[in-house]
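K.L.:
Could you have a look at this structure, given as structure tokens, before my questions?
Just so it is clear, none of the values below were taken in a lab; they were calculated from the coordinates. Just so we're clear, the structure is a prediction, and the values are computed from it rather than from any experiment. Glycine gets a Cβ as well: all are built from the backbone with ideal geometry, and neighbour counts include every protein chain shown.
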Amino acid sequence: MSFTRETATENAKNDLAERLGINADEIIEKGVVDKDFPDMSLGAPVADEMSAQMIASGWQIMLGATGNVYEYRADKYQLRLYDFEGENYIVEQAA
């Protein structure tokens, strides 16, 4: 599996809808920009995760729902939710 900007954004919308218990069509795309992240965890490591310290190019995906803005980070290998209720989450990762 490999992500594109579009598939990462769609998967992020579906994940957020499930987490919030709403329909995906209630999620507003606030913006998707190309971004270089500081490491292979896309600057969003999960607890006790070690990641290679090299620049990873991908996308910062900003979504709006329930009066809040949520940030996802993705590259062609993974999709992560950044700082959701104080935690980072790996949503999907290529095997």
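K.L.:
Under 5 Å between amide H atoms, partner at least 5 residues away or on a different chain: which partners does Tyr77 have, H built in plane at 1.01 Å?
P.N.:
Phe3
K.L.:
Just to check I understand the Karplus step: with θ = phi - 60° and J = 6.51 cos²θ - 1.76 cosθ + 1.60, what whole-Hz values come out for segment 32-42, glycine and proline as x?
P.N.:
Couplings: 9, 10, 5, 8, 9, 9, x, 7, 6, 8, 6 Hz.
K.L.:
Can you tell me the length gained on complete extension of the stretch Lys35 to Asn23, counting 0.36 nm per residue apart and subtracting the Cα distance?
P.N.:
1.5 nm
K.L.:
Taking only C-alpha pairs under 8 Å that are 6+ residues apart, what is the relative contact order of the chain in percent?
P.N.:
28 percent
K.L.:
Further question: Past the 23 angstrom mark, what percentage of all C-alpha to C-alpha distances in the chain do you count?
P.N.:
Taking all Cα-Cα pairs of the chain, the fraction more than 23 Å apart is 17 percent.
K.L.:
Measuring from centroid to centroid over Cα atoms, what is the spacing of segment 37-86 and segment 5-28 in Å?
P.N.:
Using only Cα atoms to place each centre, the spacing works out to 15 Å.
K.L.:
Also: What is the dipole size for the chain, taken about its Cα centre, with +1 at each Lys and Arg Cβ and -1 at each Asp and Glu Cβ, in debye to the nearest 20?
P.N.:
Magnitude of the dipole: close to 200 debye.
K.L.:
Next question. Can you list the GluC sites (Glu not before Pro) in segment 49-95 that are in a DSSP coil and have 15 or fewer other beta carbons within 10 angstrom?
P.N.:
For GluC sites (Glu not before Pro) across segment 49-95 that sit outside H, G, I, E and B with at most 15 neighbouring Cβ atoms in 10 Å, the list reads Glu49, Glu85.
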